[in-house]
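Engineer: Attaching a single structure in structure tokens format; questions to follow.
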Amino acid sequence: MGGWKAVLLMVVLFVCPPTWAQTQSGQTQSGQTQSGEDEQVRVKGDTLTYEEQSNVVSATGNVVVTKGQTTLSADTISVNRDTNTLDARGNVELNDTRGQIEADALQMEMENETGTITNGTVTLPRNQYILTGKELKKSYGQTYHIEDGAFTTCDCDKNFEKADWSIGGSAIDVTLRGIGTIRHGVLRARGITLLYVPYAFVPINTDRQSGFLFPNYGFSSKRGFVWQQPFYWAISKSYDATVTTDLETAARIGAWGEFRYAPNERSEGLLAASYFNEQIRGPATTTGPINRWSVTGVHRQLLAQDFRAYGDFFFVSDDQFLREISHRALNLKSALELDDWDLRTRRFTDSRAGGVKTWRNAWLRGEARYYQDLRLDDDFAFQTLPRVQFRTQHIWKDRLELGLAVDGANFYRNQGYAGQRLDVAPSVALPFHLGKYVYGSVKAIGRETVYHMTSEDVGSPTLTESGRLRGDRTRETVQFQAELGTRLSRVFNLHWGRLRQLQHVIEPQVSYAYVPAVDHQEDLPLYDSLDRINRRNLFVYGVSNRVLGKFAVAPGADETDQPGAATEVRELARLSVLHAYDSYRHIGRAKERFSDLDINGREDASSVERIVFTKERFSDLDINGRLSPLPYTTFTFDSTYDVARGDVTMARLGVSLSDPRPLPATAPLLEHLQRRTTLGVSYRTITDRILKEMNAYAVLRLNEYVTGAYFGRYDFNAQSFIGNRYYLRFISPQNCWYVDLGVIDKVNPNEFEFRFLITFVGLSSSSRSAF
């Protein structure tokens, strides 16, 4: 009976790639065999015989063989122990957690793992594939040949006539974790032939496979008909790439690509590039360069223990590139964590490369940074080539903190003043606790800044009244800081449903900063905010209130607290108020507005505001609130209140709701497509109607097949929408294809766009979609 274990092992091998080792086993008195893995092989049948002369073990009549979670059933099963072959006939069915076979007959040579399935169907749930054929032959390795076969990923109960789509062929060759080639293939929908293909190849039973993905189609009022064809290249387990060709009939022709790599656990990155030719626009409509390009990317590298290198790259060919092309050609949301709005309104591109070395109480960073000015001449942009920063902090018996910060940088540009700057800032801090509730610290920071000018040419930004630069200069100053705070809390024991306890926390805090006046700063270059330190005598005070709830995790749990019962803590509400007073400074406020009138007597868009200074030394009052009574409900409130004028200068209200129910289980290849129903709206206003707008979004999961979404922005001043986006996704009930539709209507620049994407799941799928 030792051959029975080999029967089960080799049949499972026919479905799944992993190889199982064959071991000898002894027969038990009950007709069962005990494997080396402590799993029993059980055989049931009407008749069990052994022919000693031919050395064939046979079972006939409702034969069922089980081993663990694997079951093989047939009318007859026989094993020739001399030739090591298996023959199962009549209603053959094999079930395993990794696959299933149904066939009229199954023959297999177990030593070489080769065999034939006759009139069979193979189901691979992990990859959602269903393969069928008149004859399925397994050759050496994991290679198969299917005669008069077909395959699909549709959940059609193995009825290919009802499958939403299927691909058949007179001959199909399959290499697991490779590709499938189809000869004389046809694409069918519900059994109806739609397309004949003499020869084609598709990915089969693999997580990643090189090949064309489904194209993206669309139409734009500015760019005409849009067709984008992506190609995915699975270079290896550690490298892959995607290249997309782009045709926009009224704008440009080009391509972009992404290269992703993670060769080992010490390094990873993403590099992307694009190129477009806009000759198609014609000389009358072309405003920018004909040839346009971009290069972006990120890289992270662990060179040694506690020593990391990094690089972020962001270059474009011209100042209008991000405004016109960014949302289509750049994957910066994943590379540099930038969304479309951030890209189109950026003032600079920012590229950097450097390394960081860390110790227990210190770190050292060396970095080179390059800025590309998207509004002014690049010759006036400061480049830090390089910048070295060092920080260290030592704590003595938890009573004294000694620190040192060193910042040295070389500022370079083609036009205007430039030079080197070295800033050294030692500090000493004394943290303290008064009892259990009051805490604080006192800190003093000295600062010595040294400047060396390599160029004193006048340039942007222009300098102050004197407009003078004096070669080598130094600046000395000192800063004093103090903080004092406390934390008061009270816990209320409650038993309201799942709510066990409420905790109210009050955290008042006050801080003080003193900076004496520094003379002749106007004669120093202006590289960044460190070059202008204004005098301060500033008090900042405020209070924060928080309400926390402790909930039982399991609904309907006993209302009495049980030791070790699972609970969770959530913040239910938060309210903070912050105010400031500076006796040295006058607060600037927008008091006057100047504008020109057009020919109709209306205010021209070029109106400007003049900031005038009053004697008011109090800042505006900042109020921030957040209310989350339920895990799926959030209300937010932010406001800035002008104490002197008695008016709200800025306010923002928001609310968001989401469906608390967990998403239903779905096919593994469709999990990334699922969305919760979510609603949100926010209103923002700034004093004197400078800005009054509403933002709203809604993601509606109508059922498991249909999801819609809307994102919009409305300007109350212009009394019009300044951006609307509509999306609709339909997933087929058979879970084997889905369609994404998108309509985008935006201003600045004005453009109406329609997007369309259809994907056959498992045939040419990508984790990214247009939704």
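Engineer: For the peptides 96-103, 672-679, what is the packing order when you average, over each peptide's residues, the other Cβ atoms within 10 Å and list the highest mean first?
Structural biologist: 96-103, 672-679
Engineer: Counting only protein heavy atoms, what percent of the accessible surface of the range 221-324 is carbon or sulfur at a 1.4 Å probe?
Structural biologist: Its accessible area is 62 percent carbon and sulfur atoms.
Engineer: Also, I was wondering about something else. With the radius of gyration and the Kirkwood radius both derived from the Cα set of the range 671-737, what is their ratio Rg to Rh?
Structural biologist: Expressed as Rg/Rh, it is 1.17.
Engineer: Expected output is a single nm value to one decimal: the length gained when fully extending between THR97 and ASP373, i.e. 0.36 nm times separation in residues minus the C-alpha distance. What is it?
Structural biologist: Answer, rounded to one decimal: 93.5 nm.
Engineer: Oh, and also: What part of the accessible area of the range 621-693, given as a whole %, is carbon or sulfur when the probe is 1.4 angstrom?
Structural biologist: Percent of accessible area from carbon and sulfur atoms in the range 621-693: 60.
Engineer: Between rounded, prolate and oblate, where does the range 219-311 land on the alpha carbon gyration tensor, with a ≥ b ≥ c its root eigenvalues, rounded for a/c under 1.5, else prolate if a/b exceeds b/c?
Structural biologist: Prolate is the answer for the range 219-311, as a/c is 1.5 or above and a/b outweighs b/c.
Engineer: With a 1.4 Å probe and every protein chain kept in, tell me what percent of the accessible surface of the range 49-139 is carbon plus sulfur.
Structural biologist: Percent of accessible area from carbon and sulfur atoms in the range 49-139: 42.
Engineer: Something else now. Just to confirm, what accessible area per residue do you get for the range 622-771 at 1.4 Å probe, in whole Å²?
Structural biologist: Value returned for the range 622-771: 52 Å² of accessible area per residue.
Engineer: By average Cβ neighbour count within 10 Å, what is the ranking of 346-357, 409-420 from highest down?
Structural biologist: 409-420, 346-357
Engineer: So how far apart, in nm, are the two label points at ARG344 and LEU499 if each is 7 Å from Cα heading toward Cβ?
Structural biologist: So the label points at ARG344 and LEU499 sit 4.3 nm apart.
Engineer: Can you give me the relative contact order of the range 39-143 as a percent, contacts being Cα pairs under 8 Å and 6 or more apart?
Structural biologist: For the range 39-143, the relative contact order is 16 percent.
Engineer: Sticking with this structure for a sec: Taking 7 Å along the Cα-to-C-beta vector as the label spot, tell me the GLU704-ASP157 distance in nanometres, rounded to one decimal.
Structural biologist: Each label point lies 7 Å from its Cα, and together they span 1.5 nm.
Engineer: Still on this structure: Write down the accessible area per residue of the range 419-558 in Å², having rolled a 1.4 Å probe over the full set of protein chains.
Structural biologist: For the range 419-558, the solvent-accessible area averages 57 Å² per residue.
Engineer: Which order do peptides 499-509, 125-135 fall in by mean Cβ count within 10 Å, highest first?
Structural biologist: Final packing ranking: 125-135, 499-509.
Engineer: Here is a follow-up. Work out how much length VAL64 to ALA250 would gain on full extension: take 0.36 nm times their residue separation and subtract the Cα-Cα distance, in nm to one decimal.
Structural biologist: Computed gain between VAL64 and ALA250 is 60.3 nm.
Engineer: Between LYS44 and THR193, how high is the FRET efficiency from 1/(1 + (r/R0)^6) when r is the Cβ-Cβ distance and R₀ = 51 Å? Nearest 0.05.
Structural biologist: Once rounded, the FRET efficiency stands at 0.70.
Engineer: Can you list the HN-Hα couplings for the range 429-446, worked out from phi with the Karplus curve (6.51, -1.76, 1.60; θ = phi - 60°), rounded to whole Hz and with x for Gly and Pro?
Structural biologist: The phi angles translate into 10, 10, x, 8, 10, 10, x, 8, 10, 9, 9, x, 7, 10, 9, 10, 10, x Hz.
Engineer: So, one more: Subtract the Cα-Cα distance of ALA309 and PHE214 from 0.36 nm times their separation in residues, and report this length gain in nm to one decimal.
Structural biologist: 30.5 nm
Engineer: Taking square-rooted eigenvalues a ≥ b ≥ c of the alpha carbon gyration tensor, is the range 114-159 rounded, prolate or oblate, where a/c under 1.5 means rounded and, failing that, a/b exceeding b/c means prolate?
Structural biologist: Taking the square roots of the gyration eigenvalues as a ≥ b ≥ c, the range 114-159 is oblate.
Engineer: While we're here: Provide the net charge surrounding HIS452, with neighbours chosen by a C-beta distance below 12 Å and charges set as Lys +1, Arg +1, Asp -1, Glu -1.
Structural biologist: With Lys, Arg at +1 and Asp, Glu at -1, the neighbours total +1.
Engineer: Separation between the ASP519 and PHE480 pseudo-spin-labels, each 7 Å from Cα along Cα→Cβ, expressed in nm?
Structural biologist: Result: 2.1 nm between the two label points.
Engineer: A further question follows. When only C-alpha pairs under 8 Å and at least 6 residues apart count, what is the relative contact order of the range 107-166, in percent?
Structural biologist: Result for the range 107-166 is 25 percent.
The values are calculated or read from the model by the stated rules, or taken from the named source; none is laboratory data. Please read these numbers as outputs of a predicted model, since none were measured by experiment. Every residue, glycine as well, gets a Cβ built from its backbone with ideal geometry; the counts of neighbours run over all protein chains shown. Accessible surface is based on the protein model in full, side chains and every heavy atom, while ligands, DNA and RNA are left aside. Shrake-Rupley method; radii C 1.70, N 1.55, O 1.52, S 1.80 Å.
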